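What follows is a short report on a single structure.
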Amino acid sequence: MRDSRSRTRAEPTSAETPAGLSRRGWILFAGSTGAVVVVLSVAAAMLLAAGIPAGRAHGHSSPSPHAASPQIVEPDPDPAPLGLPPRPTPTMVATVPAQPVDSLKTGDCLQVYPSPWAAGYPVVDCAAPHIAQLLSRGVLSQPAGEPFPGAQALEIQVTDLCSAPGLLNWDWVAVWNEDVQTDLRYPNTAAQWNSGARSYYCFVNTFSRHELTGSAVATH
């Protein structure tokens, strides 16, 4: 009798396959080859993304990224302008008595100069070291009894008077250059103004407080 059970064909064993790799071997071989191709593709993409230095493309060597960068040498500070007189001494002590400010004359050289509001100043020969000089003085045109115009209006008025042409010796100014400045003194409060004060003073000195020599007042 025949066996009524269904029959299946048996798969050939490895010994029965044709010469070469088995199905599993082909699968492993194909997978390994694909992985190698993927790795090589990624490596090529990274090299292209990095790019090739332009200098190398033209046959020139480019500097190494690890080469030492050139040292930056800081320039020396600018020397003092040619001919600029020496800086002032730390202190300047008066060696002559102070004279009241209302007794000063145009051109007087002041040995010490604490501010334009001092009660008096020691006057020395302008050939000797000094800190400031009285450039000009005068009396404001407003009559007694006129209301106080305000400190700002008076400052503008006195600034114009102290910067009038012909006051400064420009040869002297050229020695000290932009360091030269003018200080103003005038009745800048209502109390001073209402007391009848109308005198104004123009002092010339330097911002750096140099010890000066010579006269800043123009000769006519």
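Here is how the numbers come out for the structure above:
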{"item": "Hz values of 3J(HN,Hα) by residue in segment 105-113 - Karplus curve (6.51, -1.76, 1.60), Gly and Pro given as x", "result": "10, 3, x, 5, 9, 9, 4, 10, 8"}
{"item": "Neighbourhood charge, 14 Å Cβ-Cβ cut-off, centred on K105 and excluding it, Lys, Arg +1 and Asp, Glu -1", "result": "-2"}
{"item": "Isotropic mean projected area of the C-alpha convex hull, segment 85-220 (nm²)", "result": "8.6 nm²"}
{"item": "Placed amide H near A218: partners under 5 Å, 5+ positions off or other chain", "result": "L168, N169"}
{"item": "Rg(Cα) / (2.2 N^0.38 Å) computed for segment 92-163, rounded to two decimals", "result": "1.30"}
{"item": "Cβ-defined net charge surrounding L167, 12 Å radius [Lys, Arg +1; Asp, Glu -1]", "result": "0"}
{"item": "Sites E155 and T213, calculated FRET efficiency, Cβ-Cβ separation with R0 35 Å, nearest 0.05", "result": "0.70"}
{"item": "Net charge over other residues, Cβ less than 14 angstrom from the Cβ of T182 (K, R count +1; D, E count -1)", "result": "-3"}
{"item": "Derived scalar couplings ³J(HN,Hα) [segment 133-148; Karplus, 6.51 cos²θ - 1.76 cosθ + 1.60; whole Hz; x for Gly, Pro]", "result": "8, 7, 6, 6, 8, x, 10, 5, 7, 5, x, 4, x, 6, x, 4"}
{"item": "Chain lengthening between V173 and V96 when straightened (0.36 nm per residue, less Cα-Cα)", "result": "25.1 nm"}
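Read the figures in this text as sums done on the coordinates, not as results from a lab. As the structure is a computational prediction, the values presented were derived from the model and not from experiment. Using ideal geometry, Cβ is built from the backbone for each residue, glycine included, and neighbour counts are taken over all protein chains shown.
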